[in-house]
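See below for the structure under consideration.
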Amino acid sequence: GQSGELAELGIVLPETSAPVANYVPAVLFRGILTLSGQLPRSELRLIKGQVGSTLSVEEGVEAARLCAIALLATAKSALDGNLDRIEQCLTLIGFVNAVPGFEAHPQVINGASDLIVEVLGHAGRHCRVAVGVSSLPLGVCVEVSASFAIRD
């Protein structure tokens, strides 16, 4: 199961926190779990900055990976602790706070995509959007949301 994959990768899912605005972290509707955008949070802090300026592409990749870990933590919470209910990752939408002219958004968001596939295997393969933006909430460098097909 997914818990074994997480353990093998040395990943401990963090506790999820309540939203700071008028939205919910997850909606499960007719077998589709849609997750709100997750920010890159390490044990110590949010990863802030702009890729191509204060952060390297590699640091952006690591931030996107942290977003994916947060997505899995949110999914686990929404699924009463059972990530094995995930049948397929459907979509991943990634936003990169990047300098004008930046073109490596897909490479940055691969940090999230790669982690989802590492944990879920073939069920982690997904459609994706990777876009650049001029700023993100709280000054973070990346935000990623996702949707999953869920089995009963």
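The values are calculated or read from the model by the stated rules, or taken from the named source; none is laboratory data. The shown structure was predicted, so the numbers you read here are calculated from the model rather than taken from an experiment. In this analysis, Cβ positions are derived from the backbone assuming ideal geometry, glycine residues included, and neighbour counts consider all displayed protein chains. With ligands, DNA and RNA removed, areas are computed over all heavy atoms of the protein, side chains included. Shrake-Rupley method; radii C 1.70, N 1.55, O 1.52, S 1.80 Å.
Scanning region 121-152 for residues that are at pLDDT 95 or above, over 13 Å from A64 (Cα atoms) and charged (D, E, K, R), which turns out least open to solvent (accessible area, probe 1.4 Å)?
The qualifying residue least open to solvent (accessible area, probe 1.4 Å) is R128.
If a residue must be open to solvent by less than 50 Å² (accessible area, probe 1.4 Å) and in contact (Cβ under 8 Å) with a residue 40 or more places away in the chain, how many such residues does region 92-112 contain?
12
For region 73-116, what are the residues that are in contact with a Cys (Cβ under 7 Å, 6 or more places away or on another chain), in a helix (DSSP H, G or I) and not β-branched (V, I, T)?
Once the filter is applied, which keeps residues that are in contact with a Cys (Cβ under 7 Å, 6 or more places away or on another chain), in a helix (DSSP H, G or I) and not β-branched (V, I, T), region 73-116 yields only A112.
Any residue in region 17-33 that is of a type in the set (S, T, Y) sitting within a Cβ distance under 6 Å of a residue that is surrounded by 12 or more Cβ atoms within 10 Å (Cβ to Cβ)? List the pairs, counting only those 6 or more apart or interchain.
Y23/S36
Please indicate, with yes or no, whether at least one residue in region 117-127 is acidic (D, E), out of contact with any Cys (no Cβ under 7 Å at 6 or more places or on another chain) and over 25 Å from Q50 (Cβ atoms).
Within region 117-127, one or more residues are acidic (D, E), out of contact with any Cys (no Cβ under 7 Å at 6 or more places or on another chain) and over 25 Å from Q50 (Cβ atoms).
Under 8 Å between Cβ atoms, which residue pairs at least 6 apart in sequence (or on different chains) link something in region 57-75 that is open to solvent by 10 Å² or more (accessible area, probe 1.4 Å) with a partner that is at pLDDT below 95 and small (G, A, S)?
Pairs found: L66/S42.
Results for (1) at pLDDT below 95; (2) farther than 16 Å from V129 by Cβ, shown as yes or no for each residue.
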site	(1), (2)
S3	yes, yes
L39	no, yes
G52	no, yes
A68	no, no
L71	no, no
P106	no, no
